[in-house]
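The values are calculated or read from the model by the stated rules, or taken from the named source; none is laboratory data. As the structure is a computational prediction, the values presented were derived from the model and not from experiment. With ideal geometry, Cβ positions are generated from the backbone for all residues, glycine too; neighbour counts draw on all protein chains shown. Protein only, heavy atoms only, side chains kept; ligands, DNA and RNA dropped before computing areas. Shrake-Rupley method; radii C 1.70, N 1.55, O 1.52, S 1.80 Å.
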Number of protein chains: 2
Amino acid sequence: MKILKLLSIAMIFAGIISCTGAVNQPVASFGLVIHGGAGTITKENTSPEKEKLYSEKLKEVLQTGYKILNKGGSALDAVEKCINMMEDSPLFNSGKGAVFAANGKNELDASIMEGKTLNAGAVAGVTHIKNPISLARLVMEKSPHVLLAREGAEAFAQEQGIELVDEKYFFTESRWDRLQKAKQRETDRKSQSSLDIHPDEKYGTVGAAALDKNGNLAAGTSTGGMTNKHWGRIGDSPIIGAGTYANNKTCAISATGHGEYFIRGVITHDISAMMEYAGKTLQQAAREVIQRKLKAMGGSGGIIAIDHLGNVVMEFNTAGMFRGVVTDNSQPVVLMFGEEQK
Amino acid sequence: MKILKLLSIAMIFAGIISCTGAVNQPVASFGLVIHGGAGTITKENTSPEKEKLYSEKLKEVLQTGYKILNKGGSALDAVEKCINMMEDSPLFNSGKGAVFAANGKNELDASIMEGKTLNAGAVAGVTHIKNPISLARLVMEKSPHVLLAREGAEAFAQEQGIELVDEKYFFTESRWDRLQKAKQRETDRKSQSSLDIHPDEKYGTVGAAALDKNGNLAAGTSTGGMTNKHWGRIGDSPIIGAGTYANNKTCAISATGHGEYFIRGVITHDISAMMEYAGKTLQQAAREVIQRKLKAMGGSGGIIAIDHLGNVVMEFNTAGMFRGVVTDNSQPVVLMFGEEQK
């Protein structure tokens, strides 16, 4: 099993490396890459039970996405469905399992974009929507707008026949405890008058990016944001070009990390622009932006991406990132820790 | 007077053209460019009285900004102050004079960014803030976040000692009438099941971009958004990389137009990225993005921008755009119509 996994990893990186030799050759006819958040994820602080839980869920998500794409389904459908599964799992900071804002509520952000049309939809600060990514898709397809926030977004959801869920649906004990700890740290911080955010408070988020058999790309991101965030705070996840971007000319990307830096760096669009204008490969652009530009700003986090040729990248500057990849010519692979990043 | 104006226009464009010959030579030691919205602004549908009103207000704004920059003030201060003046004037779709959302409220968006640090702040959907651009600056300087929305943003304003104003402050008869007309058109549209937006409903917005004597760039944008927008809709104005972007390496930009397209095209960051990665001048990049890429998507609007050498661009694909420019070596010039765009 372990050998199989290592073999698969080797095959993926062989794919990535091979593309630098022949950048215009497709390496897969379809593919899917997902993340479940970046952060202080190390082998040392992850119990075998926890590792198994995440590993199994991420594999299940990959298998579902694979089936959709293999049957000729759209990248958009695969992205939405994969994110729905992570939103429904309390393991991740999105949907059920979302972190708490400073006011004790779960305020959810999400966005989705398709690379063929550059259409996009997003919602921010919704508190009664079970699957924010699906509402983001409805905003894209059924409204003249891209981004709807808070009660206005929920009014739109109701106009579209989406049932609102009780706020209690989003409650999880562990996230609530994390808010209490963050509030304690905030009290301590105030005496130092610092705006710094503790590492534990700023990570989470789920996302997916896919290439379908028709050569179309799509990406999406969904999150509860940052523990103890000021209520009303919008992070990078619902911002096109920051947390999510897709363009058939270049790639589809979803980000996770300290959102404010991803907004200021316009990180996902920056990677795409570097491919479009500087002729970089996805791997080169992602490495440059995440390892050099984002770091230079003081930002931490990562991205997952797939380009129009099927090349996949999972780049992060944190200790680890929950992530997984599958293509038509590789088995599903799930990774978590930094030492697996080449 | 007319000759002086034409001479000034010629000097500005001479400046722009000269830069294509020697792209690394500063053309001004400081400069300021502003806009008061793009749209169906033509000589034919603008009365001499209206032209005079806009012209005088835009000149006053330019003169104030010039004084700040000439005294060695920061680009950030100039941008904020200039936008404050337009927010306080009922002539523009921002602050006093903002358009109405479908729910009969004035929901205001704004953002500001400084090019040296890539710091940014933004607010979205505030309904009781007299000067949203100043609150955006406070978000940048006094919170760990970039973007705060709606009641959460107003709670932050109160924490910072900003007084909330009554919603009635934003009422203007002409904007209210426009909402009623838009609602009538919407009723007509529904029978055609179209999501198209009427040209009159999607324009407005004010913005400024400046270069100061220290070589620092800043940009800001403030708006009431789109007449009859779904409540909770966030446009491009508070989105970094869409409505506003500033980077000392490239340029400072503020956009106005049909916001959804500016979000999907990540328009202001795209112009900056084209300069950074493809080696284009500001003029070349702005023309390519506004006249070709934005148009190809079906998007309309424009941008004003200044680069780190003092080159100024005012590019739009609409009939006209209220706009003005002043630098240390040119008199203030105010323009409105398309025929003045070279």
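For the stretch A:191-208, indicate whether the set of residues that are outside any helix (DSSP H, G or I), more than 21 Å from the chain's Cα centre (by Cα) and at pLDDT 95 or above is non-empty.
Checked the stretch A:191-208: no residue is outside any helix (DSSP H, G or I), more than 21 Å from the chain's Cα centre (by Cα) and at pLDDT 95 or above.
Does residue B:245 satisfy being of a type outside the set (A, V, I, L, M, F, W, C) and either surrounded by fewer than 24 Cβ atoms within 10 Å (Cβ to Cβ) or over 15 Å from the mean Cα position of the chain (by Cα) (or both)?
Details: of a type outside the set (A, V, I, L, M, F, W, C): yes; either surrounded by fewer than 24 Cβ atoms within 10 Å (Cβ to Cβ) or over 15 Å from the mean Cα position of the chain (by Cα) (or both): no.
In short, no.
Which residues, taken from the stretch A:285-315, are within 12 Å of another protein chain (Cβ to nearest Cβ), within 27 Å of residue B:281 (Cα to Cα) and in contact with a helix residue (DSSP H, G or I) (Cβ under 9 Å, 6 or more places away or on another chain)?
A:285, A:288, A:289, A:293, A:294, A:297
For the stretch A:115-124, name all the residues that are assigned to a strand (DSSP E or B) and either under 12 Å from residue B:260 (Cβ atoms) or more than 10 Å from chain B (Cβ to nearest Cβ) (or both).
A:120, A:121, A:122
Quick check, is residue A:229 surrounded by fewer than 24 Cβ atoms within 10 Å (Cβ to Cβ) and either within 14 Å of another protein chain (Cβ to nearest Cβ) or modelled with pLDDT of 95 or more (or both)?
For residue A:229, the condition - surrounded by fewer than 24 Cβ atoms within 10 Å (Cβ to Cβ) and either within 14 Å of another protein chain (Cβ to nearest Cβ) or modelled with pLDDT of 95 or more (or both) - is not met.
Just wondering, is there one or more residues in the stretch A:153-167 that are part of a loop (DSSP other than H, G, I, E, B), at the interface with chain B (Cβ under 10 Å from one of its Cβ atoms) and modelled with pLDDT of 90 or more? Give the derivation first.
Within the stretch A:153-167, the first condition is being part of a loop (DSSP other than H, G, I, E, B), and the residues that meet it are A:160-166.
If we keep only those that are at the interface with chain B (Cβ under 10 Å from one of its Cβ atoms) too, we end up with none.
Among the residues of the stretch A:153-167, not one is part of a loop (DSSP other than H, G, I, E, B), at the interface with chain B (Cβ under 10 Å from one of its Cβ atoms) and modelled with pLDDT of 90 or more, which makes the answer no.
Which of the residues belonging to the stretch A:240-260 are touching a helix residue (DSSP H, G or I) at 6+ places or on another chain (Cβ under 6 Å), more than 14 Å from residue A:116 (Cα to Cα) and facing chain B (nearest Cβ under 9 Å)?
A:240, A:241, A:242 - these are the residues of the stretch A:240-260 that are touching a helix residue (DSSP H, G or I) at 6+ places or on another chain (Cβ under 6 Å), more than 14 Å from residue A:116 (Cα to Cα) and facing chain B (nearest Cβ under 9 Å).
For the stretch B:103-128: of the residues being of a type in the set (Val, Ile, Thr) and more than 22 Å from residue B:209 (Cβ to Cβ), which is most open to solvent (accessible area, probe 1.4 Å)?
If we filter the stretch B:103-128 for residues that are of a type in the set (Val, Ile, Thr), which is where we start, we get B:112, B:117, B:123, B:126-127.
Right, trim to more than 22 Å from residue B:209 (Cβ to Cβ) and you get B:126-127.
Details: B:126: 0, B:127: 19 Å².
That would be B:127.
Here are the criteria: (1) part of a strand (DSSP E or B); (2) buried (at least 20 other Cβ atoms within 10 Å of the Cβ). Tell me which single one residue B:285 does not satisfy.
That leaves (1) as the condition not met.
Scan the stretch A:165-192 residue by residue and report those that are more than 30 Å from residue A:50 (Cα to Cα) and surrounded by 15 or more Cβ atoms within 10 Å (Cβ to Cβ).
Answer for the stretch A:165-192, where residues must be more than 30 Å from residue A:50 (Cα to Cα) and surrounded by 15 or more Cβ atoms within 10 Å (Cβ to Cβ): just A:189.
Which residue pairs have Cβ atoms closer than 7 Å, lie 6 or more positions apart in sequence or on different chains, and pair a first residue in the stretch A:125-139 that is within 12 Å of chain B (Cβ to nearest Cβ) with a second residue that is basic (Lys, Arg)?
So the pair list comes out as A:125/A:150; A:126/A:150; A:127/A:105.
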